[in-house]
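Below you'll find the structure, written out as C-alpha cells, and then a few comments.
What follows draws every value from the coordinates through simple rules; no lab data is involved. Here the structure is a predicted model, which means the values were calculated and not measured. Note that each Cβ is placed from the backbone with ideal geometry, even for glycine, and that neighbours are counted across all protein chains shown.
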Amino acid sequence: MNRQALLDRLHLDIPVVVSPMFIVSQQQLVLECCKNGVLGTFPALNNRTTEGFEEWVIEIKQELKAEEERRGKPLPPYGVNLIVHKTNPRVQPDLEVIVRQQVPLVITSLGAVKEVVDAVHSYGGLVFHDVTNTYHAQKAIDAGADGLILVCAGAGGHAGTLNPIPFVTEIRKMFDGVILLAGALSNGRDVATAMQMGADLAYMGTRFINTKEAIADEEYKNMIIKSGTRDIIYTASVSGIPANWMVASLEAAGISKDMWDQKAKADFGAEHEAKAWKNLWSAGHGVATIDDNPPAAELIDRLKREMRQSIEEQIALLEKY
C-alpha cells in the first residue's frame with residue numbers, strides 16, 4: 001500500500017496523532033480524539049491487567065462503531081502502544097488481545113520485532129514504530145513497519161536528541177512509508193511546520209496532558225502551565241531510558257540534581273511503570289507554550305483553525321518572495 005492510500009485509511013480531519021501517554025491516556029481521551037478528527041491512542045499497560053486491557057479495547061471499538069453509524073461516515077481509528085522490551089512480561093498476552101480484537105493501529109516502542117509486525121499485518125492492521133536515530137529506523141524498516149515516529153529533541157517521555165529538520169530529511173531518503181514527527185508540537189502552527197519539514201503526521205503528547213479528559217493530577221497540569229523549557233531535564237535516572245521530566249516533580253520525589261546523570265535499571269513491567277510515572281511527571285519542551293486545560297474537542301478545533309491560518313500566512317509569502 002502506498003503512503004497516500006495508508007494516510008487515507010486514517011480519515012483524519014487534521015494530520016495529528018495523539019501519543020499514548022502512560023497513566024494519562026485512557027478511554028475517554030482516546031474517544032474524544034477520534035470523535036473530533038484526530039487519532040487517539042493509549043498504552044496497553046495503562047490497564048493493570050491484560051483482561052482489563054481487552055475490556056478497554058472492546059469499549060472503545062463499540063463506542064466508535066456506534067458513533068460512525070450515527071454519523072454515517074468513518075472516524076479516525078484508535079491505536080494501542082505495545083512496549084516490546086524483554087522486561088515487559090505482557091508483550092505476548094497483550095499482542096494476542098491486539099490480534100483477537102484487530103486493533104487498527106499498533107505503536108511499538110523499545111524494540112522493532114518482525115514477528116509483532118507480522119502478527120498485526122495478518123489482519124490488516126498498521127504498525128508505527130518509535131525511533132530516535134537512523135540505526136533504530138533501519139531496524140524498524142527491516143521489520144516491516146508502516147510508519148516511523150521520529151521522536152526528536154524536546155519530546156515528552158522517552159525522547160531523542162536529534163534536530164527534526166535534518167532527521168526528517170534523512171529518514172525520507174531511507175523510507176517511503178508514513179513519517180510522524182514528535183517533539184514539542186503544541187499548536188496548529190507547529191502541525192503546519194511539521195508538514196513543511198516533510199512529515200506526514202504530527203505526533204502530539206504533552207499538549208494533550210492538559211485536557212479535561214486526560215487522567216492527570218491537577219497539580220501535574222498546573223505544573224505544565226507554570227513550566228518553561230528550563231524546567232525540563234533529560235535524564236535516564238527514572239526509568240533507565242533517557243526521557244524528559246519536569247524538574248519540580250523529580251525534586252519533590254527526592255531525585256536531586258546530582259542524581260540526574262545516574263541511570264536506573266530499565267524495567268517495563270506494569271507495576272514498575274506505574275510506580276515510576278505516577279508522581280514523577282514527564283513533559284516535553286512544549287510546556288513553554290501551554291497555558292490552559294481545555295476539553296479535547298475545544299483544543300482540536302483550535303488546532304484546526306491555527307493550522308489553516310498558518311498555511312494561509314505561508315501562501316501569502318509567495319507574493320513577497
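Data table
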read-out	value
Listed residues 64, 38, 145: farthest to the positive end of the dipole of the chain (Cβ charges)	145
Built amide H within the under 5 Å cut-off of residue 149, gap 5+	129, 130, 131, 180
Region 3-126: proportion of alpha-carbon pairs further apart than 23 angstrom, %	26 percent
Quarter of Cα convex hull surface for region 125-228, i.e. mean projection, nm²	7.4 nm²
Amide hydrogen neighbours beyond the local backbone of residue 79, cut-off 5 Å, H modeled	40, 41, 42
Vicinal HN-Hα couplings computed from phi for region 228-244 (Karplus, 6.51 cos²θ - 1.76 cosθ + 1.60; Hz; Gly/Pro x)	x, 4, 6, 8, 10, 10, 9, 8, 9, 6, 9, 10, x, 10, x, 8, 8
Highest average packing first - 132-140, 168-176, 182-190, Cβ atoms within 10 Å	182-190, 132-140, 168-176
Ascending count of other beta-carbon atoms within 10 Å, so fewest first, for 257, 114	257, 114
Members of 226/304; 35/304; 212/304 lying beyond 21 Å, as alpha-carbon distances in this model show	226/304
Mean-position separation - Cα centroids, region 62-79 and region 101-160, in angstrom	25 Å
When the chain is reduced to its Cα atoms, the Kirkwood hydrodynamic radius in Å	19.7 Å
Relative packing of 240-247, 7-14, which averages over residues the other C-beta atoms within 10 Å, highest first	240-247, 7-14
